[in-house]
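The values are calculated or read from the model by the stated rules, or taken from the named source; none is laboratory data. All values derive from a computational prediction rather than experimental measurement. Counting neighbours? That spans all protein chains shown, and the Cβs are built from the backbone with ideal geometry, glycine included. When the accessible area is computed, the model is the full protein with side chains, heavy atoms only, and any ligands, DNA or RNA have been set aside. Shrake-Rupley method; radii C 1.70, N 1.55, O 1.52, S 1.80 Å.
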Amino acid sequence: MTLTGRTGAGKSTIFKLLLGLYRPQDGMVKILGKPAFETSDDERRKIFGYVEQSFHMIPGTVRDQITLSDRSITENQIQTAIHISGLDEAISQLEHGLDTICTPEIFSQGQWQLLSIARAVAADPKLLLLDEPAAGMNPSETAELMENIRKIRDTFQIAIMLIEHDMNLVMNICEGICVLNFGRVIAKGSPEEIQSNPVV
(Lines give C-alpha, C1' and ligand atoms only; values in the text may rest on other atoms or scores of the structure.)
Protein backbone atom coordinates (compact mmCIF):
# COMPACT_ATOMS: atom_id res chain seq x y z
CA MET A 1 0.00 0.00 0.00
CA THR A 2 1.24 3.48 -0.86
CA LEU A 3 0.29 6.75 0.76
CA THR A 4 0.74 9.61 -1.67
CA GLY A 5 -0.25 13.24 -1.93
CA ARG A 6 1.28 16.68 -2.00
CA THR A 7 3.74 17.89 0.66
CA GLY A 8 1.84 18.62 3.87
CA ALA A 9 -1.02 16.23 3.06
CA GLY A 10 -0.45 14.28 6.29
CA LYS A 11 1.40 11.21 5.05
CA SER A 12 4.29 11.16 7.55
CA THR A 13 1.83 12.13 10.30
CA ILE A 14 -0.02 8.85 9.73
CA PHE A 15 3.23 6.94 10.25
CA LYS A 16 3.92 8.85 13.46
CA LEU A 17 0.40 8.11 14.71
CA LEU A 18 0.97 4.40 14.06
CA LEU A 19 4.32 4.56 15.86
CA GLY A 20 2.74 6.26 18.87
CA LEU A 21 4.88 9.37 18.42
CA TYR A 22 1.77 11.55 17.97
CA ARG A 23 -1.60 11.33 19.71
CA PRO A 24 -4.71 11.94 17.61
CA GLN A 25 -6.71 15.03 18.55
CA ASP A 26 -9.87 13.13 17.69
CA GLY A 27 -10.64 9.46 17.28
CA MET A 28 -8.34 6.56 18.10
CA VAL A 29 -5.45 4.79 16.38
CA LYS A 30 -5.26 1.16 17.46
CA ILE A 31 -2.59 -1.44 16.83
CA LEU A 32 -3.73 -5.04 17.32
CA GLY A 33 -6.67 -3.70 19.34
CA LYS A 34 -4.57 -1.48 21.60
CA PRO A 35 -4.23 2.34 21.43
CA ALA A 36 -1.01 3.14 19.56
CA PHE A 37 0.34 5.49 22.23
CA GLU A 38 -0.13 2.79 24.90
CA THR A 39 2.09 0.26 23.15
CA SER A 40 5.58 -0.04 24.56
CA ASP A 41 8.75 0.56 22.55
CA ASP A 42 9.43 -3.20 22.59
CA GLU A 43 5.93 -3.97 21.30
CA ARG A 44 6.27 -1.44 18.49
CA ARG A 45 9.69 -2.80 17.50
CA LYS A 46 8.15 -6.26 17.06
CA ILE A 47 5.37 -4.86 14.88
CA PHE A 48 6.95 -2.06 12.84
CA GLY A 49 10.09 -1.62 10.84
CA TYR A 50 10.35 2.12 10.21
CA VAL A 51 12.58 3.79 7.64
CA GLU A 52 12.59 7.57 7.91
CA GLN A 53 13.06 10.01 5.05
CA SER A 54 16.72 10.48 5.93
CA PHE A 55 19.12 7.83 7.23
CA HIS A 56 20.53 8.51 10.68
CA MET A 57 24.00 7.08 10.99
CA ILE A 58 25.07 5.91 14.43
CA PRO A 59 28.70 5.72 15.58
CA GLY A 60 30.26 2.37 14.80
CA THR A 61 30.53 -0.25 12.08
CA VAL A 62 28.26 -1.26 9.22
CA ARG A 63 27.10 -4.12 11.44
CA ASP A 64 26.18 -1.60 14.16
CA GLN A 65 24.07 0.35 11.66
CA ILE A 66 21.99 -2.76 10.99
CA THR A 67 21.65 -4.13 14.51
CA LEU A 68 21.42 -0.85 16.45
CA SER A 69 23.20 -2.87 19.17
CA ASP A 70 20.24 -5.31 19.31
CA ARG A 71 22.10 -8.50 20.18
CA SER A 72 19.04 -10.65 19.47
CA ILE A 73 19.54 -10.09 15.73
CA THR A 74 21.45 -13.09 14.42
CA GLU A 75 24.24 -13.19 11.86
CA ASN A 76 21.86 -14.99 9.49
CA GLN A 77 19.31 -12.17 9.83
CA ILE A 78 22.04 -9.60 9.11
CA GLN A 79 23.24 -11.44 6.00
CA THR A 80 19.68 -11.98 4.73
CA ALA A 81 18.82 -8.31 5.25
CA ILE A 82 21.95 -7.21 3.38
CA HIS A 83 21.25 -9.57 0.50
CA ILE A 84 17.58 -8.67 0.21
CA SER A 85 18.29 -4.93 0.28
CA GLY A 86 20.83 -5.26 -2.54
CA LEU A 87 23.93 -4.22 -0.59
CA ASP A 88 26.00 -7.39 -1.06
CA GLU A 89 28.35 -5.90 -3.64
CA ALA A 90 28.81 -2.56 -1.88
CA ILE A 91 29.69 -4.21 1.43
CA SER A 92 31.96 -6.84 -0.14
CA GLN A 93 34.07 -4.00 -1.58
CA LEU A 94 34.73 -2.54 1.88
CA GLU A 95 38.10 -3.41 3.37
CA HIS A 96 36.64 -4.92 6.54
CA GLY A 97 33.14 -5.74 5.28
CA LEU A 98 30.54 -5.54 8.05
CA ASP A 99 33.19 -4.44 10.52
CA THR A 100 34.15 -1.32 8.54
CA ILE A 101 33.78 1.84 10.60
CA CYS A 102 31.06 3.93 8.99
CA THR A 103 31.65 7.41 7.64
CA PRO A 104 29.42 9.42 5.28
CA GLU A 105 31.83 8.73 2.41
CA ILE A 106 31.37 4.94 2.44
CA PHE A 107 28.04 4.72 0.61
CA SER A 108 26.10 6.87 -1.82
CA GLN A 109 22.89 8.47 -0.54
CA GLY A 110 20.89 5.72 -2.23
CA GLN A 111 23.03 3.03 -0.59
CA TRP A 112 22.59 4.68 2.81
CA GLN A 113 18.85 4.39 2.25
CA LEU A 114 19.23 0.70 1.42
CA LEU A 115 21.25 0.24 4.60
CA SER A 116 18.42 1.83 6.53
CA ILE A 117 15.98 -0.62 4.93
CA ALA A 118 18.30 -3.51 5.83
CA ARG A 119 18.27 -2.25 9.43
CA ALA A 120 14.46 -2.34 9.50
CA VAL A 121 14.16 -5.74 7.79
CA ALA A 122 16.72 -7.44 10.07
CA ALA A 123 14.40 -6.94 13.06
CA ASP A 124 11.73 -9.09 11.32
CA PRO A 125 8.76 -6.69 11.63
CA LYS A 126 5.14 -7.46 10.77
CA LEU A 127 4.72 -4.19 8.87
CA LEU A 128 7.48 -2.27 7.12
CA LEU A 129 6.92 1.51 6.94
CA LEU A 130 9.02 3.22 4.28
CA ASP A 131 8.94 7.03 4.19
CA GLU A 132 10.05 8.16 0.71
CA PRO A 133 12.55 5.32 0.19
CA ALA A 134 13.52 6.53 -3.31
CA ALA A 135 14.60 9.98 -2.06
CA GLY A 136 18.11 10.77 -3.26
CA MET A 137 18.25 7.80 -5.64
CA ASN A 138 19.09 7.98 -9.32
CA PRO A 139 16.86 6.09 -11.83
CA SER A 140 18.96 2.91 -11.76
CA GLU A 141 18.99 2.86 -7.96
CA THR A 142 15.21 3.40 -7.93
CA ALA A 143 14.72 0.47 -10.33
CA GLU A 144 16.86 -1.70 -8.05
CA LEU A 145 14.87 -0.49 -5.04
CA MET A 146 11.62 -1.60 -6.70
CA GLU A 147 13.00 -5.10 -7.19
CA ASN A 148 14.33 -5.24 -3.64
CA ILE A 149 10.99 -4.15 -2.14
CA ARG A 150 9.35 -7.01 -4.02
CA LYS A 151 12.01 -9.41 -2.65
CA ILE A 152 11.43 -8.15 0.90
CA ARG A 153 7.68 -8.63 0.58
CA ASP A 154 7.94 -12.10 -0.93
CA THR A 155 10.85 -13.41 1.18
CA PHE A 156 9.69 -12.19 4.58
CA GLN A 157 5.94 -12.29 3.87
CA ILE A 158 5.47 -8.92 5.52
CA ALA A 159 3.14 -6.07 4.62
CA ILE A 160 4.75 -2.90 3.30
CA MET A 161 3.33 0.60 3.48
CA LEU A 162 5.29 3.34 1.79
CA ILE A 163 5.08 7.07 1.29
CA GLU A 164 6.41 8.01 -2.11
CA HIS A 165 6.31 10.80 -4.72
CA ASP A 166 8.03 8.81 -7.47
CA MET A 167 4.91 7.76 -9.36
CA ASN A 168 6.81 5.36 -11.62
CA LEU A 169 7.84 3.40 -8.53
CA VAL A 170 4.35 3.64 -7.04
CA MET A 171 2.53 2.49 -10.17
CA ASN A 172 4.91 -0.40 -10.81
CA ILE A 173 5.12 -1.89 -7.35
CA CYS A 174 2.02 -1.15 -5.29
CA GLU A 175 -1.12 -3.22 -5.09
CA GLY A 176 -3.10 -0.42 -3.46
CA ILE A 177 -2.78 3.36 -3.29
CA CYS A 178 -4.32 5.86 -0.87
CA VAL A 179 -4.23 9.55 -1.87
CA LEU A 180 -4.34 12.19 0.85
CA ASN A 181 -5.04 15.90 0.66
CA PHE A 182 -4.79 18.00 3.84
CA GLY A 183 -5.30 14.97 6.08
CA ARG A 184 -8.30 13.59 4.20
CA VAL A 185 -8.48 10.54 1.94
CA ILE A 186 -9.59 11.72 -1.50
CA ALA A 187 -9.09 8.42 -3.36
CA LYS A 188 -8.24 4.80 -2.66
CA GLY A 189 -7.82 1.92 -5.08
CA SER A 190 -5.57 0.03 -7.45
CA PRO A 191 -2.87 1.84 -9.46
CA GLU A 192 -5.12 1.74 -12.53
CA GLU A 193 -8.08 3.20 -10.61
CA ILE A 194 -5.95 5.99 -9.13
CA GLN A 195 -4.37 6.82 -12.47
CA SER A 196 -7.79 7.35 -14.08
CA ASN A 197 -9.38 9.14 -11.10
CA PRO A 198 -10.24 12.73 -12.11
CA VAL A 199 -10.11 13.96 -8.49
CA VAL A 200 -6.52 12.79 -8.18
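Once fully extended, how much extra length lies between Ala159 and Thr7, figured as 0.36 nm per residue of separation less the alpha-carbon to alpha-carbon distance? It would help to have the intermediate numbers written out before the result.
Working: separation 152, 0.36 × 152 = 54.72 nm, distance 2.43 nm.
Here the answer is 52.3 nm.
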* Structure fact -> Ignoring ligands and nucleic acids, His83 exposes an accessible area, probe 1.4 Å, in Å² to the nearest 10, of 100 Å²
* In whole Å, largest first, what are the principal axis extents of the Cα atoms in the stretch 32-88? => 39, 24, 21
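Given a 1.4 Å probe and every protein chain left where it sits, what share in percent of the accessible area of the chain is carbon and sulfur?
Values: 5360 of 10730 Å².
Taking all protein chains in place, the chain shows 50 percent carbon and sulfur surface.
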* To do: Quick one: order Met57, Met161 from most to least accessible surface, probe 1.4 Å.
  => Met57, Met161
* Structure fact -> Sorting Glu144, Glu95 on solvent-accessible surface, 1.4 Å probe, most exposed first, gives Glu95, Glu144
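Determine the shape class of the stretch 86-200: with a ≥ b ≥ c the square roots of the Cα gyration tensor eigenvalues, call it rounded for a/c under 1.5, and otherwise prolate if a/b is greater than b/c, oblate otherwise.
Numbers: a/c = 2.47, a/b = 2.06, b/c = 1.20.
It comes out prolate by the Cα gyration axes.
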* Estimated FRET transfer efficiency (His56, Ser196; beta-carbon r; R0 25 Å; 0.05) -> 0.05
* Structure fact -> Under a 1.4 Å probe, counting only protein heavy atoms, Tyr50 has an accessible area in Å², nearest 10, of 60 Å²
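Give, as a single signed number, the net charge of other residues whose beta carbon lies under 13 Å from the beta carbon of Phe182, with Lys and Arg counted +1 and Asp and Glu -1.
Working: positive: Arg6, Lys11, Arg184; negative: none.
Its environment carries a net charge of +3.
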* To do: Treat each spin label as a single point 7 Å out from the Cα along the C-beta direction, and report the Val29 to Arg71 distance in nm.
  => 3.3 nm
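Under a 1.4 angstrom probe, counting protein chains only, how are Phe48, Phe37, Phe15 ranked by accessible area, largest first?
Phe37, Phe48, Phe15
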* Give the accessible area for Lys11 in Å² (nearest 10); use a 1.4 Å probe, count only protein heavy atoms, and leave out ligands, DNA and RNA. => 10 Å²
* Structure fact -> Expressed per residue, the solvent accessible area of the chain in Å² (1.4 Å probe) is about 54 Å²
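Semi-axes of the equivalent ellipsoid of the chain: what are they in whole Å, largest first, if each equals the square root of 5 times a C-alpha gyration tensor eigenvalue?
Numbers: eigenvalues 168, 88, 41 Å².
The three semi-axes for the chain are 29, 21, 14 Å.
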* Of the beta bridges DSSP finds with both residues in the chain, what % are antiparallel, to the nearest 5? -> 35 percent
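For Lys126, what is the net charge nearby, where nearby means another residue's Cβ is under 15 Å from its Cβ and Lys, Arg count +1, Asp, Glu -1?
+3
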